[in-house]
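Chemist: Sharing a structure with you now.
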Amino acid sequence: MNSRYLLTLSLIFTLFVNMGAQHQVPIPTPEQLQWQNAELAALVCWDMHVFDGEFYVQKEVRITPVKDYNTFDPKNYDMDQWIKSLKDAGFKTAIFTVSHETGFFFHQSNATPYCMKALKWQEGKGDILRDFKASCEKYGILPGVYIGTRWNAFYGVHDFKVEGVGTFAEHRQQYYNTMIENVVEEIFANYGDWAIVWFDGGAHSPEQGGPDVLSIFDKLQPNSLFYHNLQRSDMRWGGSETGTVPYPSWGTFPYLSTGAGESAKKEIRANNYQLLKTGDPNGNYYMPAMSDAPLRGHGGHDWFWEPNREDIIYPLDKLVKMYYNSVGHNTTLILGVTPNTDGIIPEPDVKRLKEFGDEIKRRFDSPVKSVSGEGYQLSIKFANKQNINQVVLMEDISKGERVRKFILEGKTKGGWHMIFEGSCIGNKFIHRFDDKEVSAVRLKVLESIGKSQILEFSVYDVTNP
C-alpha cells in the first residue's frame, strides 16, 4: 500500500469514529447566541469623577468620596447622540454603567439617596438609565446595564466589604447589602428587559457575606445574561483589556463560573489567566469569552473621559486588527466609549467609531462566494481563476462547538496547497493571508464531535484601503 492510500484509510477511520461519537457538547442559550451574533458591544462609561477636573486614578477614586456631586452639569446632554453614534458604527449591543466606583447611581432610586434625585441638574428629576434604555429601543440596540457593587466610595465599601470591625461593621454590611438588593430590584423591575446584566468585578453572594443579587435576577430578568458571581457566569472575561484573545479561544469552559481576582480558582489565575483566554474544548459549560478594551487605549487606558486625550484614540488599523483577533477568534468585542462633560460622545470618538464600522462592512459585506452545509468537506469552485486573501468560517453553534481540527486548502496550477490548519471554529473564525490565485478552495474537517455543522464558509478578495 502506498502512503496516500494509508492516509485516506486513516482519515476515513477518524471520520467514522467522530460520526459515532456520543460525547455531548455544551449548547448555548438563546441569549448567549444573541450575544455572540451581535459581535460588537459598547460599554458606555460615565461617573461623577469625569466632572471633577482631576485626572482619573482608579485606586484613589475607589477610596475617595466625590467632593461635590453637583459638578455634574452636562449642558448639552444628548442620549440619542450616544446611541445613534453606536448604531451608525455597527454596534448591536450597548451597556451603561449605572454605577461605578464612586457609588453614585444614574437612575431615580428609592433605595439610596446617592442618585439622580440628589442633583440640581434637571431639578433632581433626571434619569440617565431611563434615557439610555429608551434610546436603545429607539435605535434597535440591545440594552445592557453595568452595576458596580465591589467598590463604593460613598458607602466606604472596598472589595465588597464595608469599613470597620465587629458589630459596627456587621450592621453597616447588612445595610449595604440590603441597599444593593433594593437597587438591583429597582433596575430589574422598573426598566423592562435587559439583554445583559454586568456586575463589575463580580458580585459577592450571601455565602460570601454579600447581597443576594442572583435570585433577584432569576426572578425579574430570566431572559438576560448574567455576568457574574461565583455561582454563575454566562460569559467570561477574555483575560486582558486589549480587545483581543489568542487563537484558539473556545466557547466552552470547565467551571460554572470564573470568580474575580483572588476569588478565582488557582487554575483560572494561573499563567496570567491563560484559561480565560483560551477556554477548554472539553469544558462542560458554554461560556464564551469577551474581548474588551477602551476606545481611548492607544498608549493610554481611558475608560472614562479626560480632556485633551484624543491622541490615544485607537487608530483605524489597530481597531480592525482588534476585530480580527476578537470577533474573528470566536469572541465578542467590547469597546469602551465615554461621554464628555458636555454630555455627548466627543466628535473624534464618533468619527473613529464610524470609520471602524464602515471598514468592517467594506471588508465583510461582499464575499466572493459562500457555502454552508454539514459533514466533513465543503468546497467552493470558481469558473475562472480567482484571487482570494481571506476566509470566514462559522459553525452553527446552536448545536454546539463540534469541530476540533480542520484544514483549509486552495487549488492552484500546482494542485492543492495548505492555506491554514486549525482547531477551533466556533461562532466565527477569520483568517487573512497573502493573495492567492485559486480555482477552488475546500474545508476539510478532520476531527469533530459528531457531524460538523458549518453555517458559513466564505472567501473574500479584500483590497487594502
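Chemist: For Lys265, list the aspartates and glutamates whose Cα falls under 19 Å from its own Cα; do not include residues on the same chain fewer than 8 positions away.
Modeler: Excluding near neighbours in sequence, the set is Asp159, Asp200, Glu207, Asp234, Asp280.
Chemist: Now for a different question. Counting alpha carbon pairs within less than 8 Å and at least 6 residues apart, what relative contact order, in whole percent, applies to region 39-364?
Modeler: Reported relative contact order: 20 percent.
Chemist: With 5 Å bins from zero, work out the P(r) of region 292-436 over every alpha carbon pair and list the percent per bin.
Modeler: Pair shares across the bins are 2, 8, 15, 17, 15, 12, 10, 8, 6, 4, 2, 0, 0.
Chemist: Sorted by packing (mean other beta-carbon atoms within 10 Å per residue), highest first, where do 428-437, 264-273 land?
Modeler: Numbers: 428-437: 15.5, 264-273: 13.8.
Top of the packing list down: 428-437, 264-273.
Chemist: Sticking with this structure for a sec: Average projected area of the Cα convex hull of region 61-166, in nm²?
Modeler: Numbers: hull surface 31.4 nm².
One quarter of the hull surface, i.e. the mean projection, equals 7.8 nm².
Chemist: Straight distance only, please: which lysines reach the Cα of Lys385 with their own Cα at less than 17 Å, same-chain residues fewer than 8 apart left out?
Modeler: Within the straight-line limit of under 17 Å, Lys385 reaches these lysines: Lys369, Lys411, Lys413, Lys436.
Chemist: If you find the alpha carbon centre of region 265-304 and of region 98-122, how far apart are they in angstrom?
Modeler: 31 Å
Chemist: Rounded to the nearest whole Å³, what is the per residue volume of the convex hull around the Cα atoms of region 158-298?
Modeler: That works out to 140 Å³ per residue.
Chemist: Using the structure shown, select from Lys381/Lys428; Lys75/Lys161; Lys59/Lys87; Lys59/Lys84 the pairs with a Cα to Cα distance greater than 27 angstrom.
Modeler: Lys75/Lys161; Lys59/Lys87; Lys59/Lys84
Chemist: Where does the chain land at 222 nm, in deg cm²/dmol rounded to the nearest 500, when only DSSP H runs of n ≥ 4 count, each adding -39500 (n - 2.57), divided by all residues?
Modeler: -8500 deg cm²/dmol
Chemist: Please compute the Kirkwood hydrodynamic radius over region 39-364, one decimal place, Å, based on all pairs of different Cα atoms.
Modeler: Values: mean 1/r = 0.0496 Å⁻¹.
Averaging 1/r across every pair of different Cα atoms and inverting gives 20.2 Å.
Chemist: Among Val403, Pro74, Phe96, which residue has its Cα positioned farthest towards the positive end of the charge dipole of the chain, with +1 placed on the Cβ of Lys and Arg, -1 on the Cβ of Asp and Glu, and the dipole taken about the Cα centre?
Modeler: Val403
Chemist: Also, quick follow-up: Just to confirm my numbers, what's the Cα centroid distance between region 382-416 and region 184-231 in Å?
Modeler: 41 Å
Chemist: If each residue of separation counts as 0.36 nm, what is the full-extension length gain between Phe420 and Glu374 once their alpha-carbon separation is subtracted?
Modeler: Value of the extension gain: 14.6 nm.
Chemist: Cα convex hull of region 164-214: mean projected area in nm², to one decimal?
Modeler: Result: 4.0 nm².
Read-outs: derived from the displayed coordinates by stated rules, not from any lab. Keep in mind that this is a model prediction, so the values were computed, not measured. Here the Cβ is made from the backbone with ideal geometry for all residues, glycine too, and neighbour counts use every protein chain on show.
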